[in-house]
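Undergrad: Once you've had a glance at the structure underneath, I'll fire off some questions.
The numbers here are math on the coordinates, done by the rules we state, and not lab data. Just so you know, these numbers come straight off a predicted model, no measurement behind them. Ideal geometry is used to build each Cβ from the backbone, glycine not excepted, and the neighbour counts take in all protein chains shown.
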């Protein structure tokens, strides 16, 4: 695999072919490196998504649909299979509505958003309420978020923080039944970021899908279980 | 005879942490028969005195390692001082990797302090840290070396990709990338601060293998077993090389490497020739690339991880004896002397006032 700058002059990808058939999309805060052990086994392109790895940040924050629009323009027409891990899986679903692909492979992807309203705890709601009454400042809210936000939220800044918020708020659950591409779900049995239950529920919604559960694995298994993932991809 | 040894570790370098591992191992080995202290050079360029019995995890807590700041004195009785008391060491073992500990800066400081130290001298350290100067030196001496170009948007590259892109300075794998085309090389170099001091490209040979060999010159030339590290991906990533297996010594390797006689003979003859141009001091590790029957000298690591002690499985010497050899080598060398012959005041006496020279 070799690094290459794509036509926009600011997004990089690991490529090993001028006519790749498989496109790999990594998770939030990760890079194309996650797929190194897998991508080299296929004619492939493994993207550093805008804002990650070597690629420059987008000029404005983007939601997953906008990532999908952008990447559809950017990747070669020869791509037939999209493989997305986590956040990358979300983008892959959106991409399948823009252009026809043969297969989607979604690994530990946040396809259904659970209880979005209950995610915020009472203290945060109180802060927001007081903020609305002008009793506490935006700064205090920001401090609270920095202290109690998710690791991803704490690590993201500026445009990428807004991008993360848009990503988390993007709920695919109403869209899954309209996906016209064959879907292969791969899930770690003990995924505690995007629980297996979400994968199983999503599997009932797609028109044509199946799920492979990988025993004793969590959310990040692209390296530890590369052999199994390669095998599944080769079967497709 | 027991010696009073200071092991210098750390330094403001991307290999700061790996240096701590090398230094702590070395201190432990040398403690067998010597009085050993550690001089810790912090990431923010400060110096501290430490005991030799520390564990690597202790360096995660500032309060354990930043207790005893050291001062430097130049004019009377120059050297390292703790609480106004001079630290009298017989010799310094330099266990720094990369950055100023391996690029000639530390060596210059130790020369000025008039102390004895192990490892490369100023010039060898500088030549081996600069990949372009090292390349031209090898080429000029007729040694096989992969063609390198300096990366520069103003000048066209002289050969086709894929390329290996490397920062011009620095010995670690940080910033080393396989890149498909030159435009991508330029984009990477322009968008990252790893290459601000310059970058070089060479042809990426997909099926080439790395071959490593340790070299020492004291008491006489000695070559280690030849090692072939085992790589999983395109190149060694930094994490693969250092982090996943508990340091360089824990990585997967073929030792001794399974090579045909012809290649082994060639490697040994190249080592001997290079050693006559850039003499090894301490333990250097030569890194070769073998591509079919072609061999290229890739680089010399003048202070390799773990001082490459694990490579010497072919001779009957313990790690203690190997380290002791390089300590003895340092002690046996004369201190750097600068001559002032020619500056006898005559030029000063005969000169007119400075203002008249500004004319």
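Undergrad: Just subtract the alpha-carbon distance of residue B:88 and residue B:44 from 0.36 nm times their residue separation and send over the number in nm, one decimal.
TA: Taking residue B:88 through residue B:44 to full extension adds about 13.4 nm, to one decimal.
Undergrad: Would you calculate a helix-derived [θ] at 222 nm for chain B, using -39,500 (n - 2.57) for each DSSP H run of n ≥ 4 and dividing by the full residue count, to the nearest 500?
TA: Rounded to the nearest 500, it is -7500 deg cm²/dmol.
Undergrad: Per residue of chain A, what 222 nm ellipticity follows from adding -39500 (n - 2.57) for every DSSP H run with n ≥ 4, rounded to the nearest 500?
TA: Counting only the DSSP helices, I get -10500 deg cm²/dmol.
Undergrad: Rounded to the nearest 5, what is the percent of antiparallel bridges among the DSSP beta bridges in the protein assembly as shown?
TA: Counting DSSP beta bridges with both partners in the protein assembly as shown, the antiparallel share is about 60 percent.
Undergrad: Residue B:4 to residue A:151: FRET efficiency via 1/(1 + (r/R0)^6), r the Cβ-Cβ distance, R0 41 Å, to the nearest 0.05?
TA: The computed FRET efficiency comes out at 0.30.
Undergrad: Then there's this: Round to the nearest 0.05 the FRET efficiency obtained for residue A:57 and residue A:143 when R0 = 25 Å and r is the Cβ-Cβ distance.
TA: 0.55
Undergrad: Shifting gears a bit: Please give the average number of partner chain Cβ atoms lying within 10 Å of the Cβ of each residue in A:35-46, rounded to a whole number.
TA: 1
Undergrad: When the expected Rg is taken as 2.2 N^0.38 Å, what fraction or multiple of it is the alpha-carbon Rg of the protein assembly as shown?
TA: Working it through for the protein assembly as shown, the quotient is 1.16.
Undergrad: Now, a different point. For helix A:226-235, report the angle its Cα long axis makes with the longest principal axis of the Cα atoms of chain A; keep it between 0 and 90° and round to the nearest 10°.
TA: Once rounded, one gets 60 degrees.
Undergrad: How big is chain A along each principal axis, measuring the range of its Cα positions in Å and listing the largest first?
TA: Largest first, chain A extends 58, 40, 32 Å along its Cα principal axes.
Undergrad: Relative to the longest principal axis of chain A, what angle (0 to 90°, nearest 10) does the C-alpha long axis of helix A:196-205 take?
TA: Roughly 70 degrees between the two axes.
Undergrad: Which parts of segment B:1-21 would a label at residue B:35 reach, counting a residue when its backbone N lies under 18 Å from a point 7 Å out along Cα-to-Cβ?
TA: B:1-8
Undergrad: Also, quick follow-up: For a label point 7 angstrom out from the Cα of residue B:331 toward its Cβ, which stretches of segment B:110-129 have the backbone nitrogen within less than 20 Å?
TA: Backbone N within reach: B:111, B:114-121.
Undergrad: For residue B:317 paired with residue A:122, estimate the spin-label separation in nm (one decimal), with each label point 7 Å from Cα along the Cα-to-Cβ line.
TA: 7.1 nm
Undergrad: Taking 7 Å along the Cα-to-C-beta vector as the label spot, tell me the residue B:114-residue B:139 distance in nanometres, rounded to one decimal.
TA: 4.3 nm
Undergrad: How far, in degrees from 0 to 90, does helix A:158-169 lean away from the longest principal axis of the Cα atoms of chain A, to the nearest 10?
TA: Roughly 80 degrees between the two axes.
Undergrad: Provide B:326, B:274, A:107 in ascending order of the number of other Cβ atoms located within 10 Å of each residue's Cβ, fewest first.
TA: In order of increasing Cβ crowding within 10 Å: B:274, B:326, A:107.
Undergrad: Further question on the same structure: Would you calculate the volume per residue, in Å³, of the smallest convex hull containing every Cα atom of chain B?
TA: 196 Å³
Undergrad: Shielding by partners for A:11-17, please: the mean number of other protein chain Cβ atoms within 10 Å of each residue's Cβ.
TA: Mean number of neighbouring Cβ atoms from other chains: 3.
Undergrad: Restricting to segment B:4-117, compute how many DSSP beta bridges are antiparallel as a %, nearest 5.
TA: 50 percent
Undergrad: Starting from 0.36 nm per residue, how many nanometres of slack lie between residue B:262 and residue B:341 once their C-alpha separation is accounted for?
TA: Roughly 23.3 nm would be gained on extension.
Undergrad: Given labels modelled 7 Å from the Cα in the Cβ direction, how far is it in nm from residue A:102 to residue A:159?
TA: 3.5 nm
Undergrad: What fraction of the DSSP beta bridges in chain A is antiparallel, stated in percent and rounded to the nearest 5?
TA: Antiparallel: roughly 25 percent of the beta bridges in chain A.
Undergrad: Anyone know which of B:347, B:125, B:257 comes out most mobile in the 10 Å Cα GNM of chain B?
TA: Its mean-square fluctuation being the largest, the pick is B:347.
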